[in-house]
Amino acid sequence: MTDYIEENSKIADFGAGPLVAILMGTMNGARFLPEQLDSLAAQTHQNWFLIASDDGSTDDTLRILKAYQAKWPAGKLIIKEGPKQGFCVNFLSMACDPSIKADFYAFCDQDDVWLATKLVVAIQNISEYQGDGLPYVYCGRTSYVNENLKKIGCSPLFAFPRTFRNALIQSIAGGNTMVFNQCAKNALEKVGVVQHPSHDWWVYQLITGVGGEVFYDPMSQVLYRQHKNALVGGNNSFMARVERISMVFKGEFRRWTDQNVVILCASKPWLTHGSKETLELFKKMRGAKLKDRFRLMEVAGLYRQTWRGTISLVLAALLKKI
């Protein structure tokens, strides 16, 4: 399978412009999968191929994928067996696979719908703003829709800088919005697949940590479907905010942070000097006595993107839940 991916991605030529590898994780997604595949087929930028890593579906997901594989050009859709260790590892197994080769890479969820301009907007942004030899990630807002694609809201609009000091304590964009360059993929490959709470949060942490850039688009290019079987839902409703506060009190956020710190410490060889210093201050802050906790948080320069987020950060620090 690895050789097949490498061979097909090398020779792929489905249109003009840069080649994009779309990385889709699937798991029992048959209900909404056709609409997502149709939205990929409708992209104004057509030079792409799709890798669908299936994590053990027991519904019609594989049948649907094979049907689209048969009607699309040869090499347009590659189906592989996933690692069956959860959605994060499934996505990272593709992002960290050196045999998958393209100019740009895009994560793709099985149950969303992409606007037709999704890829062309991301490619134009990366091509214009990426620095030489620097990892670069395009991401942005999403439009929340119900099961029937009726709009019900938008994800938060974040305007503060995208930095490691923010990434340590907040994930700002879904993986379903992320498109990244080869330098970003190289950084992911060097560290390898990790057991992180979420692949999109990890990408944000690692890319900012190694000195790369993350662009946050205020304009949505993805219809983010909200339904009861979604692994991750929107975070802009009142109940979602209540749930996040509840997670702080229950210690879930601290358990995630424990996991993140271990992974980031193992990734130190690739972090910038400034990121290493921030990480050490963050570790000290988490274990410090109350009188020192807020001082260290200020010295580390930690911040969240909204005033509500800042309040939750202060609360978490006060209760030693970060």
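When restricted to residues that are under 27 Å from the mean Cα position of the chain (by Cα) and within 17 Å of Glu280 (Cβ to Cβ), the stretch 291-316 contains 4. State whether one or more residues within the stretch 19-26 are assigned to a helix (DSSP H, G or I) and not aromatic (Phe, Trp, Tyr). No - not one qualifying residue is present in the stretch 19-26. Please work out if Gln259 is over 12 Å from Leu168 (Cβ atoms), touching a residue at least 24 places away in the same chain (Cβ under 8 Å) and outside any helix (DSSP H, G or I). It is false that Gln259 is over 12 Å from Leu168 (Cβ atoms), touching a residue at least 24 places away in the same chain (Cβ under 8 Å) and outside any helix (DSSP H, G or I). Among the residues of the stretch 90-120, those that are under 14 Å from Ala52 (Cβ atoms) and assigned to a strand (DSSP E or B) comprise Ala106, Phe107, Cys108. Note on the stretch 191-214: residues that are in contact with a Lys or Arg (Cβ under 9 Å, 6 or more places away or on another chain), farther than 14 Å from Asn181 by Cα and open to solvent by less than 10 Å² (accessible area, probe 1.4 Å) total 1. Looking only at the stretch 144-157, filter to residues that are crowded, with 20+ Cβ neighbours inside 10 Å and not β-branched (Val, Ile, Thr); which one of those is nearest to the chain's Cα centre (by Cα)? Among those that are crowded, with 20+ Cβ neighbours inside 10 Å and not β-branched (Val, Ile, Thr), it is Ser155. Among the residues of the stretch 158-181, the ones that are farther than 24 Å from Cys265 by Cα and surrounded by fewer than 21 Cβ atoms within 10 Å (Cβ to Cβ) come to 3 in all. For the stretch 13-21, does any single residue satisfy the condition of being in contact (Cβ under 8 Å) with a residue 24 or more places away in the chain, within 19 Å of the chain's Cα centre (by Cα), crowded, with 17+ Cβ neighbours inside 10 Å and closer than 12 Å to Asp109 by Cβ? Checked the stretch 13-21: no residue is in contact (Cβ under 8 Å) with a residue 24 or more places away in the chain, within 19 Å of the chain's Cα centre (by Cα), crowded, with 17+ Cβ neighbours inside 10 Å and closer than 12 Å to Asp109 by Cβ. Being at pLDDT 95 or above, assigned to a helix (DSSP H, G or I) and either open to solvent by 10 Å² or more (accessible area, probe 1.4 Å) or within 25 Å of Ser312 (Cβ to Cβ) (or both), is that true of even one residue in the stretch 74-81? No, there is no match, as no residue in the stretch 74-81 is at pLDDT 95 or above, assigned to a helix (DSSP H, G or I) and either open to solvent by 10 Å² or more (accessible area, probe 1.4 Å) or within 25 Å of Ser312 (Cβ to Cβ) (or both). Only a single item in (1) at pLDDT 95 or above; (2) over 17 Å from Leu92 (Cα atoms); (3) not in a helix (DSSP H, G or I) is not met by Ile123, and it is number (3).
The values are calculated or read from the model by the stated rules, or taken from the named source; none is laboratory data. For clarity, every value in this text was computed on a predicted model and none was experimentally measured. Counting neighbours? That spans all protein chains shown, and the Cβs are built from the backbone with ideal geometry, glycine included. The accessibility values were calculated without ligands, DNA or RNA, using every heavy atom of the protein model including side chains. Shrake-Rupley method; radii C 1.70, N 1.55, O 1.52, S 1.80 Å.
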